[in-house]
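K.L.:
Please read through the structure below; I'll follow up with questions.
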Amino acid sequence: MKRQYLNTICFLFLIVSFCCNGQYSQSSSEQKTLIDIQKSHIDDNVANQAQFDSLMKRDLEKYFSATFGPVSVKWEFLRNGATQSGVAYPKYYLWTKIYNGDKLLNEGAVRVAAIEKTGFGITD
């Protein structure tokens, strides 16, 4: 069974390699169009710099308060800028630390989606 599975995977890989032959590349106008679309999604959904931090703080604290009770949250970006994929909301990846007063309750990575300049949807 394992051997048949591996053979199938190898066969599919060969077909894809043969068909694509590493030759596919987008023209510069197609690349520009994609970049423009990504930029428009970011511009339409990410709050301005003056509001960004306060919205992030509000939504992270609300999200984690549901689990831990009243908390404060500190975060740092795991990468610079938003990640835009297709027509989804722009995403940010953060390392968060959750506190009750001075006591660290938990820490970990979260993904936040910027939503229509009004806030962030959070998944951990």
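K.L.:
Each label point is 7 Å from the Cα along the Cα-to-Cβ direction; what then is the distance between the points at residue 61 and residue 97, in nm?
P.N.:
1.7 nm
K.L.:
Also, I was wondering about something else. Where a Cα-Cα gap under 20 Å defines reach, which lysines qualify for residue 117, not counting those fewer than 8 residues away within the same chain?
P.N.:
39, 57, 62, 91
K.L.:
Could you give the length gained on full extension between residue 117 and residue 85, defined as 0.36 nm per residue of separation minus the Cα-Cα distance, in nm?
P.N.:
Stretched out fully, the residue 117 to residue 85 stretch lengthens by 9.8 nm.
K.L.:
Still on this model: Relative to the compact globular guide of 2.2 N^0.38 Å, what is the alpha carbon radius of gyration of segment 47-124, as a ratio?
P.N.:
This ratio for segment 47-124 stands at 1.07.
Read the figures in this text as sums done on the coordinates, not as results from a lab. Not measured: the values here are computed from a predicted model. All Cβ positions, glycine included, derive from the backbone under ideal geometry; neighbour counts span all protein chains shown.
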